[in-house]
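Accompanying notes for the structure given below.
The values are calculated or read from the model by the stated rules, or taken from the named source; none is laboratory data. Note that the coordinates shown come from a computational prediction; the quantities given were computed from them, not determined experimentally. Cβ coordinates were reconstructed from backbone atoms using ideal geometry, including for glycine residues, and neighbour counts include every protein chain displayed.
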Amino acid sequence: MEAILSNSAIAVGIAMAFAALGAAIGLAILGGKFIESSARQPELISELQGKFFIVAGLVDAIPIIVIGLCALILFANPLLGQLG
């Protein structure tokens, strides 16, 4: 039982790290492309800004979903039911 819990904690840490890293890289690329495109065509800034915020919200949703799944694995581990 302790092996399942310790391996679950390690898996949760890795999953949260990769989710945060992926979201940070995605938002950095997205922000850079937004600034680049608004510098090329300043008349489209308002339209680009709306699309930027929608996509940024979708990118930020992925780590939030991962946090929910990690909380499930940590506090209500479905693997422990397979022991008995």
*Looking only at region 34-57, decide whether some residue is hydrophobic (A, V, I, L, M, F, W, C), in contact (Cβ under 8 Å) with a residue 24 or more places away in the chain, surrounded by 11 or more Cβ atoms within 10 Å (Cβ to Cβ) and closer than 30 Å to residue 77 by Cβ.*
no
_Options 1, 16; residue that is more than 14 Å from the chain's Cα centre (by Cα) and either surrounded by fewer than 13 Cβ atoms within 10 Å (Cβ to Cβ) or modelled with pLDDT of 95 or more (or both)_ = 1
*Being loosely packed, with under 13 Cβ neighbours inside 10 Å and either within 29 Å of residue 32 (Cα to Cα) or of a type in the set (Gly, Ala, Ser) (or both) is the filter here, so list the residues in region 61-76 that pass it.*
61, 64, 65, 68, 71, 76
*assigned to a helix (DSSP H, G or I), of a type in the set (A, V, I, L, M) and in contact with a Pro (Cβ under 6 Å, 6 or more places away or on another chain), is that true of residue 23?*
yes
